[in-house]
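Asker: Just passing along the structure, written as structure tokens.
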């Protein structure tokens, strides 16, 4: 039922290959949603976010050295 109704869709993930994901909800006929990507892996966006809030490269590296981030 779930697959027939396309509630779950197959999507490619860089770490795991093809995975099943929940379709965008609610599904509207005139403005259907679309899954653009799967959720990021833990820590995948850490550098970008820390740079965005103003941390320098050396500050980020210090956090990494102190095992505060991966």
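The values are calculated or read from the model by the stated rules, or taken from the named source; none is laboratory data. The shown structure was predicted, so the numbers you read here are calculated from the model rather than taken from an experiment. Note that each Cβ is placed from the backbone with ideal geometry, even for glycine, and that neighbours are counted across all protein chains shown.
Asker: What number of residues within the range 6-15 are under 25 Å from residue 70 (Cβ atoms) and either loosely packed, with under 10 Cβ neighbours inside 10 Å or touching a helix residue (DSSP H, G or I) at 6+ places or on another chain (Cβ under 7 Å) (or both)?
Answerer: Number satisfying all stated conditions: 1.
Asker: Does residue 1 satisfy the condition of being touching a strand residue (DSSP E or B) at 6+ places or on another chain (Cβ under 7 Å) and not in a helix (DSSP H, G or I)? If you could, list the steps in order and put the result at the bottom.
Answerer: On the way: touching a strand residue (DSSP E or B) at 6+ places or on another chain (Cβ under 7 Å): no; not in a helix (DSSP H, G or I): yes.
No: the conditions fail for residue 1.
Asker: Suppose we keep only residues that are in a loop (DSSP other than H, G, I, E, B) and at pLDDT 85 or above within the range 16-39. Which one would you say is surrounded by the fewest Cβ atoms within 10 Å (Cβ to Cβ)?
Answerer: 30
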